[in-house]
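Heads up: the structure comes next, in structure tokens.
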Amino acid sequence: MSDRPTTPDAPEIGGDLAAARPPLGPLFWISVGWLGLNVLGAVLANVLPLVNPLAQDYNFINAGPSLHHWLGTDDLGRDILSRIVFGSRVSLLVGSGSMVIGFGVGMPLGMLAAYRRGRFDAVVTAVMYVLLAFPAIIAVIAVLSFWTPRTLLKIIIVIGAASIPLVYRVIRSATLSIATREFVTVAQVQGARDGRIIWRELLPNVAPIAVSFLLVGVATVVTLEGALAFLGLSVNPPTPSWGNMINESRTILSQNPWLAIFPSIALGLFLLSLNYIGDRLRAHFDVTEVKL
Amino acid sequence: MSDQPLLSVRHLSTTFATPAGPLRAVDDVSFDLDAHETLGIVGESGSGKTVLARTLMGLQPRLNVEVTGSVQLAGHEVVGASTARLRELWSSEVAMVFQDPMTSLNPVMRVGRQIDEVLRVRHGMDRAAARARAIELLDLVGIPSAAQRYRAYPFELSGGMRQRVVIAIALAGQPRLLIADEPTTGLDVTIQAQILDLLDTLRAQLGMSVVMITHDLGVVATRTSRLLVMYAGRVAETGPTGDVFRHHRMPYTRALLESSPKLSNAPHTRLAAIPGQPPNLARVGPGCHFAPRCDLASDRCREVAPALEPTERPDHLFACWHPLRTPSETPGASS
């Protein structure tokens, strides 16, 4: 053909696909901004002009929001805004760290099992279902009760390990629905090797599902950390985390409700933006969904 | 190599182990295919056509499947070959066009990249050369503005266009044999004709051999040189296409021919459907598989399976105890 490869005025086919996709929308960017703010706060907490989260201000005990302490103080006179920002470090680290472990192990295993099938699939799937049958939260609580002293790393490892079977199950079933399609056979018959098929043919198809499950997973783990903190099984006080802030507020809820409200809002908004981003990304990058 | 057929199949059987017992989907099939020849394989759904095609490619899973006999492809044995060995044959010796163009393309890869893949991995081309060749191939299979379509995703193309892309992928390795497994399923009739004509043109142009698998006799009538009629995994009749159409001897072939509409029929003629259904291959008797649906069947048919026998022409074979003399012979005469 005489056509030049791509000209700016070329028809839409293969060109600007973004035009055909559902737009991400302003709310998506607000969510991204909020998430970025959270991450930035967690990273730069030491540099930011914040009060020491452990410092007690005896002039303001159990105070509501004021100019001195924008979000008020707790029963020991510690600044809540500062504690929320510093607390996000624990929540974000646990959330992302354990998902790195969960996906790092669960995703390759799931894809390999679904592509290979046979004995490997049978054995790994059986093991994973046995693990799934045991309630993860009980396992996490049991391990964290005895594996002392509890450090952030141990919490991440335990939650990450507990998430492996869940990730494995989702990725395996997603891969399974792709691996049985004809185009995988087409690639095989073209002489492509297994590694290449998994990387080039399967991964791009599984990725959208993986990303949205990853974001939901981070949200779930952040909540789980909150639950563990509530049970006193997360990082030791006085280190703040969103979970243990909510936990500590419980005893004096009637005197100072702000103590529960602000960390809960922080946690809620964080989860909401994560879920929304995951949902929009899936819709946006799912090329098959745009299909007429 | 030249005196030997490109594809030589001998006593090929594919047996699946099922809970109901062994299921012989392909049963003692033998045929030869010369270079530049087109072989049509016809039969009802469930007659073992697709299993035969996949067996020819060496695509059967290792578990629960037993393949016996021999498939010689350009002098290489396919049955029992390792995946590494098959990989050398695939794409450069034999390629396949699959049934459904909706599922044989990766939905999240640009179509050009899917053609590139084989060129870069197997033929060691660099990115630019592979791209140029891919655009050439898209052009060859009749895709307009090939350079722009190179960047298209499968969902941006119509069914016919997609099947053309699938054909381009199959042609990328310049195979000597192309196996087309019902390449026009799911396409509308005018597009079907276009795709079939395209395959025929490409065969002549590139000097390939083609195995065309279909349930549509109209597809094979003018586009194949030889025909293999399959029923329940066995060869019912095989021979030069014209001979099989005009001088078929097997009642099943006649039944197939009569069940397709003809323009010469008077309006509102009822089509002669074949009564009943193909048998469950896990539970078949010793005799001819077609016997339960055949109006010429005798006790002998139900007890002993007929072997393939030549007609007056040595390359036209059929398997029947009560062969038809001519297509016009009245049924029931010999029973």
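Since every read-out is calculated from the coordinates, none of them should be taken as a lab result. Here the structure is a predicted model, which means the values were calculated and not measured. Reconstructed Cβ throughout: ideal geometry from the backbone, glycine too, with neighbour counts over all protein chains shown.
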Inset, instruction - First check a/c for the stretch A:11-130, with a ≥ b ≥ c the square roots of the eigenvalues of its C-alpha gyration tensor; if it is under 1.5, answer rounded, and if not, answer prolate when a/b is larger than b/c or oblate otherwise. - result: oblate
Legend entry - Distance (nanometres) between label positions extended 7 Å along Cα→Cβ at B:Ala35 and A:Val211: 5.0 nm
Inset, instruction - Could you work out which residue, out of A:Pro237, A:Pro263, A:Pro165, moves most in a Gaussian network model of chain A, that is, has the largest mean-square fluctuation with Cα springs under 10 Å? - result: A:Pro237
Legend entry - Sorted by Cβ density within 10 Å, fewest first, the residues A:Val32, B:Val78: A:Val32, B:Val78
Legend entry - Gaussian network model of chain B, Cα within-10 Å springs - most flexible of B:Leu63, B:Leu202, B:Leu140: B:Leu63
Inset, instruction - Could you give the size of the charge dipole of the stretch B:189-335 about its Cα centre, using +1 on the Cβ of each K and R and -1 on the Cβ of each D and E, expressed in debye and rounded to the nearest 20? - result: 160 debye
Legend entry - Within chain A, helix-based [θ] at 222 nm, where runs of 4 or more DSSP H residues each add -39,500 (n - 2.57), nearest 500: -21500 deg cm²/dmol
Legend entry - Note, ³J(HN,Hα) from phi for the stretch B:169-182, Karplus 6.51, -1.76, 1.60, rounded to Hz, x at Gly and Pro: 4, 5, 7, 3, x, 6, x, 8, 10, 10, 9, 10, 9, 6
Inset, instruction - Describe numerically, in nm with one decimal, the distance between label points set 7 Å from Cα along Cα→Cβ at B:Ala266 and at A:Val127. - result: 7.4 nm
Legend entry - Whole-Hz ³J(HN,Hα) from phi, Karplus 6.51 cos²θ - 1.76 cosθ + 1.60, for the stretch B:260-267, glycine and proline x: 9, x, 10, 5, 6, 5, 5, x
Legend entry - Test item: B:86-92 mean partner chain Cβ contacts at 10 Å: 3
Legend entry - Taking A:Lys154, B:Lys49, B:Lys262 and counting other C-beta atoms within 10 Å, the order from fewest to most: B:Lys262, A:Lys154, B:Lys49
Legend entry - B:Ile179 long-range amide H proximity, modeled H, under 5 Å: B:Ala95, B:Met96, B:Val97, B:Val211
Inset, instruction - Choose one of B:Gly124, B:Thr224, B:Leu202: the residue whose Cα lies farthest towards the positive end of the charge dipole of chain B (beta-carbon charges +1 Lys, Arg; -1 Asp, Glu; about the Cα centre). - result: B:Gly124
Inset, instruction - Would you mind getting me the FRET efficiency between A:Leu269 and B:Ser259? Use the beta-carbon distance for r and R0 = 56 Å, nearest 0.05. - result: 0.25
Inset, instruction - Could you compute the FRET efficiency for B:Asp216 and B:Ala129, with r as their C-beta to C-beta distance and R0 at 41 Å, rounded to 0.05? - result: 0.60
Inset, instruction - Compare the Cα positions of B:Gly43, B:Pro61, B:Leu178 along the charge dipole of chain B (+1 at Cβ of Lys, Arg; -1 at Cβ of Asp, Glu; about the Cα centre) and return the one farthest towards the positive end. - result: B:Pro61
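Based on the Cβ-Cβ distance from A:Asn46 to B:Gln277, what FRET efficiency comes out when R0 is 56 Å, to the nearest 0.05? Spell out each step's value before the answer.
On the way: r = 77 Å, r/R0 = 1.37.
Step by step, r from the Cβ atoms, then E = 0.15.
Within a 10 angstrom radius of each residue's Cβ in A:191-197, how many Cβ atoms of other chains show up on average? Whole number is fine.
On the way: counts 14, 7, 4, 1, 0, 2, 0.
Counting Cβ atoms of other protein chains within 10 Å of each residue's Cβ and averaging gives 4.
Once you have a ≥ b ≥ c as the square roots of the Cα gyration tensor eigenvalues for the protein assembly as shown, tell me rounded if a/c is under 1.5, and otherwise prolate or oblate according to whether a/b is larger than b/c.
Details: a/c = 3.17, a/b = 2.36, b/c = 1.34.
Note, shape of the protein assembly as shown comes out prolate.
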Inset, instruction - Would you mind checking which residues have amide H under 5 Å from B:Cys320's amide H? H placed 1.01 Å from N; only 5 or more apart, or other chain. - result: B:Glu309
Inset, instruction - Just name one of A:Ala179, A:Ile209, A:Thr148: the one whose Cα is farthest towards the positive end of the charge dipole of the stretch A:148-224 (beta-carbon charges, Lys/Arg +1, Asp/Glu -1). - result: A:Thr148
Legend entry - Helix-only CD estimate at 222 nm, as mean residue ellipticity for chain B, using -39500 (n - 2.57) per DSSP H run (n ≥ 4): -8500 deg cm²/dmol
Inset, instruction - Quick one, can you get me the convex hull of the C-alpha atoms of chain B expressed as volume per residue in Å³? - result: 150 Å³
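Net charge around A:Gly106, counting only other residues with Cβ within less than 10 Å of its Cβ (Lys, Arg = +1; Asp, Glu = -1)?
That sum, taken over residues with Cβ under 10 Å, equals +2.
Using the Cα centre of the stretch A:70-200 as the reference point, and only Cβ charges (+1 on K/R, -1 on D/E), how large is the resulting charge dipole? Debye, rounded to the nearest 20.
Result for the stretch A:70-200 is approximately 480 debye, rounded to the nearest 20.
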Inset, instruction - Report, by chain and number, residues whose modeled amide H sits under 5 Å from the one on B:Leu227, excluding near sequence neighbours (fewer than 5 apart, same chain). - result: B:Gly40, B:Gly239, B:Thr241
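Mind putting a number on the dipole of the protein assembly as shown about its Cα centre? Charges go on the C-beta only, +1 for Lys and Arg and -1 for Asp and Glu, and I need it in Debye to the nearest 20.
840 debye
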Inset, instruction - Go ahead and set up a Gaussian network model of chain B, Cα springs under 10 Å, then flag whichever of B:Pro323, B:Pro19, B:Pro310 fluctuates most. - result: B:Pro19
Inset, instruction - Work out the mean other chain Cβ neighbour count within 10 Å for the residues of B:113-124 and drop it here as an integer. - result: 3
